[in-house]
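Peer 1: After the structure tokens below, expect a handful of questions from me.
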Amino acid sequence: MSVILEARGLTAFYGDFQALFGIDVTVERGEVIALIGSNGAGKSTFLKALAGLLPAPAEQIIYKGEAVGGAAAARIVGAGIALVPEGRRLFASLSVEENLLLGAYSARPGRWTLDTVYALFPILKERRHHLATALSGGQQQMVALGRALMSNPDLLMCDELSLGLAPVVVREIYAALPSIVAGGMSAIIVEQDVQLARRVSKRFYCFQEGRVSLAGASAEVSDEAIALAYFGAMS
Amino acid sequence: MSSIVNILLQGVLLGALYALFAMGQSLVFGVMRLTNTAHGDFIVLLVFVLFVLTNLAHMPLWAAVPMLIGIAFCAGYALQYTVLNRVSGRDPLPSLVVTFGLSIVIQNVLQEVFSADPRALATGGFESMSISLPGGIALGLLPILTLAVTVAATLGLQWLFGRTPLGRVFRATSDDREIVQLMGVSPRRTFALAMGIAFVLIALAATLYAMRTAVSPSDGPALLLYAFEAVIIGGMGSFWGTFLGGIALGVAQQIGFYIDPGWGIWLGHVLFLALLTIRPQGLLPKTA
Amino acid sequence: MSNHMNVSERHFEIRRATRASRVAVLVLLIVAVLVASFPYWAGRDTLRDFTQIAAYLVFAMMWNLLAGYGGMVSIGQQAYFGIGGYAMLILANYGGLSPFVAVPVAGAIAALVAVPVSLVAFRLEGGYFAIGTWVIAEVFRLTVANLSWLGGGSGTSLTALQDVPRSLRESLTLWLALAIVVAAIGLLYVFLRSKRGLALTAMRDNAVAANSQGVDVKRARFGVYLVSSGGAALAGGLYFVSNLRISPDAAFSVNWTAFAIFIVMIGGLGTLEGPIIGTLIFFLLNKFLSDFGTWYLIGLGTLAIVVTMFFPQGLWGYVSRRFGLQLFPVGRRVVFLDSGSRVLSARKESADPQHAAH
């Protein structure tokens, strides 16, 4: 099967508030797709539901042919889906190295180990014993990314890697993306920066108010079409 | 002069017991922000379990204590997993009320089963053995053993938290119990494990406590306050801090007892309040 | 931009009172008049019972104010209960003041004591604040127990009422109790409906957000602590006027807070009627079951555990949500009307802590 993940009519709620109204998204093996959309459109909610942090009906998320909606987050990471959460969310009392080691808790075999992560982001090796939150924003993002990689996922999900970072730092981090996915890893990249998202992905989905308003190949769709989908049709 | 030294030494030895009372609470509050108002009552409960093992089951002490530790771990794990996990969250009220209710239930069940009379553990004379130091100072072997156990416990906890994978999991779960799930950690099981370990510490404290004095079902609340004071005086988030806090409390109480028996405990409380006012972060606060 | 208004323009009103609440106020007024007449026809036990209920009720209401509205859970309010009792006794026995006047004065004294105490207690937060206040209460208890002129550990008696005929004493005590209860309920009701009361609710739900809206959280907390402590002392003073005998263990016992917690857990946190209902239930339980001694307490403890775990808004809170009853409307509701001004639906919005989204 070439499809690794499929969301079918995914709905999600925060209490009584409905955040997602039936999302249809597919990710093929080895593919990088992007999710774009304004704040509150539901992108982070979508990733959380996939990661098992939000409840969802089982049949609405199909991963490697299995219905995993609503499964516990620990089971999902064990199955090979890793999330780099929005805002980094590093563990404040742990050092850089300890954060990375915790990422390997699920003990999935694969090419990502401390050594390979340090090879990807050498600055982290220099500061491995520092408290994770003592690092700069860009370095913290590297730690968060490395922490997710340590679980050797087959599907990597990144929620707004560029949040709060200077453009030059953002470029540095995204420059590492090709080597990360080189081994056949699939990825979902959520980004506010539309051009950046289009550059790093093969296909994209645009979210608007909890629904998919546009889907297509990143290189082909026009800017006007995206703007319309991003902001919603004017009446 | 020697009486000052004596007071200090006795205070340190008493304080070691308080520090041991406090270790479990320090651990639990550190990992899951849980305030367990039944903490002292669990110490008393385990004392009475020990009585049952030694008196009714006629087990010798060297067999009963490991058994007690095993029972304690399982009980703590189960309690956290089934009851307390539902109330370990941001809001302190539910955990306070539930543990308060537990405190009342434990005290009254013990009273119903064992009567309100104080009971002591038979140690075959060990509790009165002592070493004599120059200056007429006698150091009891039991208090010295208590100090040794407390130091070992502190070292053990420090090592567990700082250097082991489990310690990493504890600290991470305490930092962010939502995101730690993304690593494959179950916060519910982690909390239960922490409580299990805390109960092991409580079992050790209970054993040494019962060897030292006669215990009655209503002793719990006082022990809770000593444990809590030791944690605050020492600074939250630090096991060595809790150790020092216990020692400081023991010394303060001992000085108070020396001045007048009625004011012993009072002085401990007042020292605590004074320290809270002047240095609320405690003696050895953790910076993170 | 598409039209996001999915609620069509409907006419609505903001209302405060419900039919149930109007009935409740009426009932309470009738009860108050009835109680005031007790000394003329009711037995001694009834008078004593009411005074006891009053003491429990006021103490529970004050604990509820502190925890349910101020967001500060304390296991140490018994400190002020005891201060109220002992201050009243000192003023009456040694100061020549009538005990009935001494009670409100004791309340004021307790509020004054609360000022420096709060400086220490507020260093702590959450669960540790709760236990810290308990330590403070213990300090008061131990201090008084060590003072022989106050009777030390075994306590002393209120002698100032020795020469007053018993029936007069009991009548005055009852009226004092009624006055304190009415004042407490009335003042809290007015306060919680006011702007400051709203600020308190906001603060409890989210202190940071409230702060950003201009609510002075620190001052509000301080104010609530003072009022709650003064009120607790009124309850204590009243209790020992009725009891005539005081001791440190009785006055500063943590059981007072335990009972307040049970009452509020049964009745529901952060509502005005919660403590009233809770006290009545508690008192009935007490009267009929306390003979069972330890089993009664085991039952109470278990009840507290079960209610907290499964009915976080208290038993009354559960009932009132289920059936939409609210007896003391301190919040406002939105009532939708159709064109014929008929009430279509009413959504309850109350000053209730568990009403937040999570």
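Peer 1: I'm trying to understand the selection: among the residues of the range A:81-119, which are assigned to a helix (DSSP H, G or I), surrounded by 18 or more Cβ atoms within 10 Å (Cβ to Cβ), more than 8 Å from chain B (Cβ to nearest Cβ) and without any contact (Cβ under 8 Å) to a residue 40 or more places away in the chain?
Peer 2: Residues satisfying the conditions are A:E97, A:V117, A:Y118.
Peer 1: Can I ask one more? If you scan the range B:182-192, which residues turn out to be surrounded by fewer than 24 Cβ atoms within 10 Å (Cβ to Cβ) and either of a type in the set (V, I, T) or more than 14 Å from chain A (Cβ to nearest Cβ) (or both)?
Peer 2: The initial filter retains those residues of the range B:182-192 that are surrounded by fewer than 24 Cβ atoms within 10 Å (Cβ to Cβ), namely B:184-190, B:192.
Across the range B:182-192, the qualifying residues are B:V185, B:T190, B:A192.
Peer 1: Evaluate the range A:147-161: report whether one residue or more is more than 14 Å from chain C (Cβ to nearest Cβ), of a type outside the set (S, T, N, Q), surrounded by fewer than 19 Cβ atoms within 10 Å (Cβ to Cβ) and in a loop (DSSP other than H, G, I, E, B). Write out each step before concluding.
Peer 2: From the range A:147-161, those more than 14 Å from chain C (Cβ to nearest Cβ) are A:147-161; that's our starting set.
Still in the running and of a type outside the set (S, T, N, Q): A:147-150, A:153-161.
Still in the running and surrounded by fewer than 19 Cβ atoms within 10 Å (Cβ to Cβ): none.
Within the range A:147-161, none of the residues are more than 14 Å from chain C (Cβ to nearest Cβ), of a type outside the set (S, T, N, Q), surrounded by fewer than 19 Cβ atoms within 10 Å (Cβ to Cβ) and in a loop (DSSP other than H, G, I, E, B).
Peer 1: Restricting the first residue to the range B:140-169 and requiring it to be within 14 Å of chain A (Cβ to nearest Cβ) and under 23 Å from B:M32 (Cα atoms), which pairs with a second residue that is basic (K, R) and assigned to a helix (DSSP H, G or I) meet a Cβ separation below 7 Å and a spacing of at least six or different chains?
Peer 2: B:F161/B:R171
Quick grid of which residues meet (1) surrounded by 21 or more Cβ atoms within 10 Å (Cβ to Cβ); (2) not aliphatic (A, V, I, L, M):
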site: A:G40; (1), (2): no, yes
site: A:F46; (1), (2): yes, yes
site: A:A49; (1), (2): yes, no
site: A:G52; (1), (2): yes, yes
site: A:P55; (1), (2): no, yes
site: A:K64; (1), (2): no, yes
site: A:A67; (1), (2): no, no
site: A:A74; (1), (2): no, no
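Peer 1: Another question, then. Anything in the range B:31-52 that is over 15 Å from B:L84 (Cα atoms) and in contact (Cβ under 8 Å) with a residue 12 or more places away in the chain? List them, or say none.
Peer 2: We begin by selecting, within the range B:31-52, every residue over 15 Å from B:L84 (Cα atoms); these are B:40-41, B:43-52.
Within the range B:31-52, B:G40, B:D41, B:I43, B:V44, B:L45, B:L46, B:V47, B:F48, B:V49, B:L50, B:F51 meet the criteria.
Peer 1: Take the residues of the range B:30-73 that are of a type in the set (F, W, Y) and over 25 Å from B:D117 (Cα atoms): which is surrounded by the most Cβ atoms within 10 Å (Cβ to Cβ)? Show your work before the answer.
Peer 2: Our first condition is that a residue be of a type in the set (F, W, Y); within the range B:30-73, this holds for B:42, B:48, B:51, B:62, B:73.
Checking which are over 25 Å from B:D117 (Cα atoms) leaves us with B:62, B:73.
Working: B:W62: 7, B:F73: 18.
Top of the filtered list is B:F73.
Peer 1: While we're on this one: Residues that are on the phi < 0 side of the Ramachandran plot, without any contact (Cβ under 8 Å) to a residue 24 or more places away in the chain and not in a helix (DSSP H, G or I): does the range B:184-200 have at least one? Before you say what the answer is, go through the steps one by one.
Peer 2: Filtering the range B:184-200 down to residues on the phi < 0 side of the Ramachandran plot leaves B:185-200.
Narrowing the set further to residues that are without any contact (Cβ under 8 Å) to a residue 24 or more places away in the chain leaves B:185-187.
Then keep just the ones that are not in a helix (DSSP H, G or I); that gives B:185-186.
Looking through the range B:184-200, at least one residue is on the phi < 0 side of the Ramachandran plot, without any contact (Cβ under 8 Å) to a residue 24 or more places away in the chain and not in a helix (DSSP H, G or I).
Peer 1: Also, quick follow-up: Hey, any hits in the range B:153-162 for a residue that's more than 20 Å from the chain's Cα centre (by Cα) and within 30 Å of B:L34 (Cα to Cα)? Give the steps one after another, and end with the answer.
Peer 2: Narrowing the range B:153-162 to residues more than 20 Å from the chain's Cα centre (by Cα): B:162.
The next check asks that each one be within 30 Å of B:L34 (Cα to Cα); those that pass are B:162.
So far as the range B:153-162 goes, yes, one or more of its residues are more than 20 Å from the chain's Cα centre (by Cα) and within 30 Å of B:L34 (Cα to Cα).
Peer 1: Of the numbered conditions (1) within 14 Å of another protein chain (Cβ to nearest Cβ); (2) within 19 Å of C:L112 (Cα to Cα); (3) charged (D, E, K, R), C:R219 fails exactly one; give the number of that condition.
Peer 2: (1)
Peer 1: While we're looking at this one, here's another question. Identify the residue in the range C:111-124 that is within 11 Å of chain B (Cβ to nearest Cβ) and surrounded by 16 or more Cβ atoms within 10 Å (Cβ to Cβ) and, among all such residues, is nearest to C:N243 (Cα to Cα). Explain how you work it out, then say what you get.
Peer 2: Going through the range C:111-124, the residues within 11 Å of chain B (Cβ to nearest Cβ) turn out to be C:116-117, C:119-124.
Still in the list and also surrounded by 16 or more Cβ atoms within 10 Å (Cβ to Cβ): C:117, C:120-124.
Numbers: C:V117: 27, C:V120: 32, C:A121: 30, C:F122: 33, C:R123: 36, C:L124: 35 Å.
Going through the qualifying residues, I end up with C:V117.
Peer 1: Within the set of pairs 6+ apart or on separate chains, which have a first residue in the range A:4-19 that is within 11 Å of chain C (Cβ to nearest Cβ), a second that is surrounded by 18 or more Cβ atoms within 10 Å (Cβ to Cβ) and part of a strand (DSSP E or B), and C-beta atoms under 7 Å apart?
Peer 2: The qualifying pairs do not exist here.
Peer 1: Just to verify a result, which residue in the range B:165-178, among those that are in contact with a helix residue (DSSP H, G or I) (Cβ under 9 Å, 6 or more places away or on another chain) and not in a helix (DSSP H, G or I), is farthest from B:K286 (Cα to Cα)?
Peer 2: Initial filter on the range B:165-178 (in contact with a helix residue (DSSP H, G or I) (Cβ under 9 Å, 6 or more places away or on another chain)): B:165-174, B:177-178.
From the residues that got through so far, the ones that are not in a helix (DSSP H, G or I) too are B:177-178.
Values: B:R177: 20, B:E178: 23 Å.
By that ranking, first place goes to B:E178.
Peer 1: Also, quick follow-up: Just to confirm my filter: which helices (runs of 4 or more DSSP H) fall fully inside the range C:177-277 and include at least 3 residues that are of a type in the set (A, V, I, L, M, F, W, C), buried (at least 24 other Cβ atoms within 10 Å of the Cβ) and modelled with pLDDT of 95 or more? Before the answer, list the steps.
Peer 2: On the way: elements: C:195-205, C:207-212, C:217-243, C:248-251, C:255-267.
Fully inside the range C:177-277 and qualifying: C:217-243.
Peer 1: When the range A:53-80 is examined, which residues are found to be within 19 Å of A:M185 (Cβ to Cβ) and either of a type in the set (A, V, I, L, M, F, W, C) or facing another protein chain (nearest Cβ under 10 Å) (or both)?
Peer 2: Going through the range A:53-80, the residues within 19 Å of A:M185 (Cβ to Cβ) turn out to be A:61-66, A:68, A:76-80.
Correct list: A:I61, A:I62, A:V68, A:I76, A:V77, A:G78, A:A79.
Peer 1: I need the full set of residues from the range C:110-139 which are out of contact with any Phe, Trp or Tyr (no Cβ under 6 Å at 6 or more places or on another chain) and of a type outside the set (A, V, I, L, M), in order please.
Peer 2: C:P116, C:F122, C:R123, C:E125, C:G126, C:G127, C:Y128, C:F129, C:G132, C:T133, C:W134, C:E138, listed by residue number.
Peer 1: Let me ask something else. Select, from C:T159, C:T133, the only residue that is of a type in the set (V, I, T) and in a loop (DSSP other than H, G, I, E, B). Give the derivation first.
Peer 2: Details: C:T133 fails: in a loop (DSSP other than H, G, I, E, B).
Selected residue: C:T159, the only one of C:T159, C:T133 that is of a type in the set (V, I, T) and in a loop (DSSP other than H, G, I, E, B).
Peer 1: Among (1) at pLDDT 90 or above; (2) at the interface with chain B (Cβ under 10 Å from one of its Cβ atoms), where does C:G127 come up short?
Peer 2: (1)
Peer 1: If you don't mind, there's one more thing I want to ask. As an exercise: evaluate C:G270 against (1) in contact with an Asp or Glu (Cβ under 7 Å, 6 or more places away or on another chain); (2) within 30 Å of B:D219 (Cα to Cα) and give the number of the one condition it does not meet.
Peer 2: Condition not satisfied by C:G270: (2).
A quick yes/no check of all residues on (1) out of contact with any strand residue (DSSP E or B) (no Cβ under 9 Å at 6 or more places or on another chain); (2) more than 10 Å from every other protein chain (Cβ to nearest Cβ); (3) farther than 19 Å from B:A203 by Cα; (4) surrounded by fewer than 19 Cβ atoms within 10 Å (Cβ to Cβ):
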{"site": "B:V87", "(1), (2), (3), (4)": "yes, no, yes, no"}
{"site": "B:R90", "(1), (2), (3), (4)": "yes, no, yes, yes"}
{"site": "B:Q107", "(1), (2), (3), (4)": "yes, no, no, no"}
{"site": "B:S115", "(1), (2), (3), (4)": "yes, yes, yes, yes"}
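Peer 1: Of all residues in the range C:98-110 being surrounded by fewer than 21 Cβ atoms within 10 Å (Cβ to Cβ) and in contact with a Gly (Cβ under 9 Å, 6 or more places away or on another chain), which is nearest to the other protein chains (Cβ to nearest Cβ)?
Peer 2: Among residues in the range C:98-110 that are surrounded by fewer than 21 Cβ atoms within 10 Å (Cβ to Cβ) and in contact with a Gly (Cβ under 9 Å, 6 or more places away or on another chain), the one nearest to the other protein chains (Cβ to nearest Cβ) is C:A108.
Peer 1: Kindly check whether there is at least one residue in the range C:82-97 that is surrounded by fewer than 24 Cβ atoms within 10 Å (Cβ to Cβ), outside any loop (DSSP other than H, G, I, E, B) and aliphatic (A, V, I, L, M).
Peer 2: The initial filter retains those residues of the range C:82-97 that are surrounded by fewer than 24 Cβ atoms within 10 Å (Cβ to Cβ), namely C:90-91, C:93-97.
Filter again for outside any loop (DSSP other than H, G, I, E, B), leaving C:90-91, C:93.
Going one step further and asking which of them are aliphatic (A, V, I, L, M), we end up with C:90-91.
Within the range C:82-97, one or more residues are surrounded by fewer than 24 Cβ atoms within 10 Å (Cβ to Cβ), outside any loop (DSSP other than H, G, I, E, B) and aliphatic (A, V, I, L, M).
Peer 1: Looking at (1) modelled with pLDDT under 90; (2) away from chain C (no Cβ under 14 Å), which is the one condition that is false for B:G76?
Peer 2: (1)
Peer 1: Mind checking which helices (runs of 4 or more DSSP H) fall wholly inside the range B:203-288 and carry at least 1 residues that are within 11 Å of another protein chain (Cβ to nearest Cβ) and free of Cβ contacts under 8 Å to residues at least 40 places away in the same chain? Quick ask: steps written out before the conclusion?
Peer 2: On the way: elements: B:220-234, B:239-259, B:264-278.
Fully inside the range B:203-288 and qualifying: B:239-259, B:264-278.
Peer 1: Here's something else I'd like to know. What are the residue pairs meeting all of these: first residue in the range C:143-155, first residue within 9 Å of chain B (Cβ to nearest Cβ), second residue assigned to a loop (DSSP other than H, G, I, E, B) and hydrophobic (A, V, I, L, M, F, W, C), Cβ atoms under 9 Å, and 6 or more apart or on different chains?
Peer 2: Between residues of the range C:143-155 that are within 9 Å of chain B (Cβ to nearest Cβ) and residues that are assigned to a loop (DSSP other than H, G, I, E, B) and hydrophobic (A, V, I, L, M, F, W, C), the close pairs are C:A145/C:F252.
The values are calculated or read from the model by the stated rules, or taken from the named source; none is laboratory data. On a predicted model such as this, the values are computed, not experimentally measured, just so you know. Cβ sites come from the backbone with ideal geometry, for glycine too, and all protein chains shown count toward neighbours.
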